[in-house]
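Engineer: Dumping the structure here so I can ask a few things about it.
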Amino acid sequence: MTDTVFKPGDDVFTTNARGIVIDVRATPSGKWVFGVEDAHGAVNYFTGAALRPARS
């Protein structure tokens, strides 16, 4: 299984809502997590498996 790569500014669907990737970080275990800001300004972190590209 290949990981989808997201970068800051990407429009994505999360498990909760639609949002914009604003942060990308590596965890100590070597996994990448993506900070996603939703329409209310809340930021939550997700793995790439929990995100899907949003198509306009």
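The values are calculated or read from the model by the stated rules, or taken from the named source; none is laboratory data. All of these numbers come straight from a predicted model, not from anything done at the bench. Because the Cβ atoms are built from the backbone with ideal geometry, glycine has one as well, and the counts that use them run over all protein chains shown.
Engineer: Could you check segment 25-41 and list, in sequence order, the residues that are under 14 Å from residue 11 (Cα atoms) and of a type in the set (Val, Ile, Thr)?
Structural biologist: If the condition is that a residue be under 14 Å from residue 11 (Cα atoms) and of a type in the set (Val, Ile, Thr), then 36 is the only one that fits.
Engineer: Does segment 20-30 hold any residues that are more than 11 Å from residue 6 (Cβ to Cβ) and within 13 Å of the chain's Cα centre (by Cα), and which are they? First the steps, then the outcome.
Structural biologist: First, pick out the residues of segment 20-30 that are more than 11 Å from residue 6 (Cβ to Cβ): 25-30.
Correct list: 25, 26.
Engineer: How many residues does segment 1-40 contain that are outside any strand (DSSP E or B) and in contact with a Lys or Arg (Cβ under 6 Å, 6 or more places away or on another chain)?
Structural biologist: If we filter segment 1-40 for residues that are outside any strand (DSSP E or B), which is where we start, we get 1-10, 14-17, 27-31, 39-40.
So of that shortlist, the ones also in contact with a Lys or Arg (Cβ under 6 Å, 6 or more places away or on another chain) come out as none.
Qualifying residue count for the region: 0.
Listed here are the residues, each with its yes/no results for (1) in contact with a strand residue (DSSP E or B) (Cβ under 7 Å, 6 or more places away or on another chain); (2) at pLDDT 95 or above; (3) surrounded by 12 or more Cβ atoms within 10 Å (Cβ to Cβ); (4) over 13 Å from residue 54 (Cβ atoms).
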| position | (1), (2), (3), (4) |
| --- | --- |
| 2 | no, no, no, yes |
| 5 | no, no, no, yes |
| 9 | yes, yes, no, no |
| 23 | yes, yes, yes, yes |
| 26 | yes, no, no, yes |
| 29 | no, no, no, yes |
| 32 | yes, no, yes, yes |
| 36 | yes, yes, yes, no |
| 39 | no, no, no, no |
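Engineer: Of everything in segment 41-56, what is in a loop (DSSP other than H, G, I, E, B) and surrounded by 10 or more Cβ atoms within 10 Å (Cβ to Cβ)? Give them in sequence order. Full working, then the answer.
Structural biologist: Narrowing segment 41-56 to residues in a loop (DSSP other than H, G, I, E, B): 41-42, 51, 54-56.
The answer is 42, 51, 54.
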